Amino acid sequence: MTENETTISAEYLKQQKQLHQNPNYGVASIEYAPLVIQLADAIGAESISDYGAGKCNLQKKMKELGRFNFQYYPYDPAFPEYGDPREADLVCCIDVLEHVESPYLKAVLQDLRRITVKVGLFTIHTGPAVKHLSDGRNAHLIQEPASWWLPRLCEHFEIAKLESHPGGFWVVAEHHSK
């Protein structure tokens, strides 16, 4: 079984590939680039893994903001050319988790924990998306409040910081101290 088979179904992968043809799909990371830079500087990150990278907008925006001195590892099952998820000092998963199919959420969180060397920055939108899948479902498959997400995140990480924002929240996550 490949990594993609354990974290996403074949049918949903097809739908994600279709959605990524829309130039306005997967742009949330652009607004988070300054926060990513600030966090990367704070922890001395030399590498950044962008889990659910889409069209690599995070990397593009960081370069536009003058941040070049890091290894960038994109991962997105809709873009197999990126390869498998790679370990990094800072793992960013920006507005991705709400798109994960419920049966695969635990596997995705385990994957994130496996590749997080220092900390993770995970942003989660808690309401409906503007976009819809080809089968009519909302693109945000999991629409749950932070109180639903936190226990699931805490199974895999210690939450070092949590901040609410309109429509969702973000966390800085560290490995359990066990």
_Amide H of THR126 versus every other amide H placed in the peptide plane: which residues, excluding those fewer than 5 positions away on the same chain, fall under 5 Å?_
GLY168, PHE169
*Sticking with the crude label model, points 7 Å out along Cα→Cβ, report the distance from SER147 to ASP84 in nm, one decimal please.*
4.0
*Please work out whether the range 1-104 counts as rounded, prolate or oblate from its C-alpha gyration tensor, where a ≥ b ≥ c are the square roots of the eigenvalues and a/c under 1.5 means rounded, while otherwise a/b larger than b/c means prolate and anything else oblate?*
prolate
*For the chain, share of DSSP beta bridges that run antiparallel, in % to the nearest 5*: 55
*For the residue pair GLN71 and GLN38, what label-to-label distance in nm results when each label sits 7 Å from Cα along the Cα-to-beta-carbon direction?*
2.7
*asked:* Quick check on the chain: take the gyration tensor over C-alpha atoms, sort the square-rooted eigenvalues as a ≥ b ≥ c, and tell me if it's rounded (a/c under 1.5), prolate or oblate.
replied: rounded
*asked:* What's the ranking of 118-127, 14-23, 100-109 by average number of surrounding C-beta atoms within 10 Å, highest first?
replied: 118-127, 100-109, 14-23
*Tell me, what HN-Hα J-couplings in whole Hz come from the Karplus equation 6.51 cos²θ - 1.76 cosθ + 1.60 at θ = phi - 60° for each residue of the range 95-107, using x for Gly and Pro?*
6, 10, 4, 5, 8, 6, 5, 3, x, 9, 4, 4, 5
*List the lysines whose Cα lies under 24 Å from the Cα of LYS118, skipping any in the same chain that are fewer than 8 positions away.*
LYS60, LYS61, LYS63, LYS106, LYS161, LYS178
_Cα centroid separation - the range 118-147 against the range 1-62, whole Å_ = 14
_Students often check this: by mean Cβ neighbours within 10 Å, which of 71-84, 38-51, 155-168 ranks highest, and how do the rest follow?_
38-51, 71-84, 155-168
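Taken together, the values in this text are just the output of simple stated rules run on the coordinates, not laboratory data. This one's a predicted model, so the numbers in the text were calculated from it and none came from an experiment. Neighbour counts are summed over all protein chains in view; Cβ atoms, including those assigned to glycine, are modelled from backbone coordinates with ideal geometry.
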